[in-house]
Amino acid sequence: MPVQLTTALRVVGTSLFALAVLGGILAAYVTGYQFIHTEKHYLSFGLYGAILGLHLLIQSLFAFLEHRRMRRAGRPLKLPSPRRGSVALCIAAYQEDPDYLRKCLRSAQRIAFPDLKVVMVVDGNRQEDAYMLDIFHEVLGGTDQAGFFVWRSNFHEAGEGETEASLQEGMDRVRDVVRASTFSCIMQKWGGKREVMYTAFKALGDSVDYIQVCDSDTVLDPACTIEMLRVLEEDPQVGGVGGDVQPPGKGMAVEDDQVQAAQVRATEAWSVHQCNISREQ
């Protein structure tokens, strides 16, 4: 059977099934027919509940069948082709909690991907921001692979005392540090998160095939880069992949105040604190 006809039949069948379920639920709700009920309706089971239960059962069945089909059709996990596999992880940092920043950098260090380049750009070059550079040295520094640069400016706004020549020299220095180092940290004039990401992307240029981004309070799974890159490599029509972002402390025993903090941060995580990877254009 042609693929287009099969797809059309599935769409029609799914639509008819949805309409049938909706009609049944509305009819059951209007009639209010009860199969079982006790005095004062402490326990009752009616037509409405039966249709909802049947709907859930059918959904679970189809989900199981689809999951089994995908497992059978899936290919074993393998590293991307070295020809297109270079990746840079860009971390945006701004007045981050020291503990969160350490966890983020340590998790980046544990990522199971060959020759992964890590670029942390700090949105702020003031003295009170210097602790983030110290943490970078503590976790990722101490080797010839690490480099850093404290820049008075950013790519769109000159810092105090900058001349045209010194500004250009700073831009060149940022590119050199980022491209020559496996782990690099750039501290620049405050400009917001977009400016931080612009600096990382501009400095990297076309030196890598893929760019992965996250915030400085993200703890990364060691397999995250391989898993997301696998999706990009398998389908050329996919231009970007997002990670599964979860609130901190999941599965851990925490105090009430920590739970409240986790709930707040979970809301933020779903909106902005993401880990994504995309093709470099």
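Read-outs throughout are calculated quantities, based only on the coordinates presented, and are distinct from any laboratory measurement. From a predicted model like this one, the values you see are computed outputs, not experimental measurements. Note that we place each Cβ from the backbone using ideal geometry, even for glycine, and neighbour counts take in every protein chain shown.
What the table shows:
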read-out: J(HN,Hα) series, region 51-59, from Karplus relation 6.51 cos²θ - 1.76 cosθ + 1.60, nearest Hz, glycine and proline x; value: 5, 4, x, 5, 4, 5, 5, 5, 4
read-out: Integer Hz, Karplus 6.51/-1.76/1.60 couplings in order for region 191-208, x for Gly and Pro; value: x, x, 5, 4, 5, 4, 5, 4, 4, 4, 5, 5, 5, 6, x, 9, 6, 10
read-out: For peptides 10-23, 104-117, 212-225, sequence by mean Cβ density within 10 Å, most packed first; value: 212-225, 104-117, 10-23
read-out: Per-residue ³J(HN,Hα) for region 125-142, Karplus 6.51 cos²θ - 1.76 cosθ + 1.60, θ = phi - 60°, Hz, x for Gly and Pro; value: 10, 7, 4, 6, 8, 5, 4, 6, 5, 4, 5, 4, 4, 5, 8, 10, x, x
read-out: Anchor K202: aspartates and glutamates whose Cα lies under 12 Å away (excluding residues fewer than 8 positions away in-chain); value: D172, D176, E280
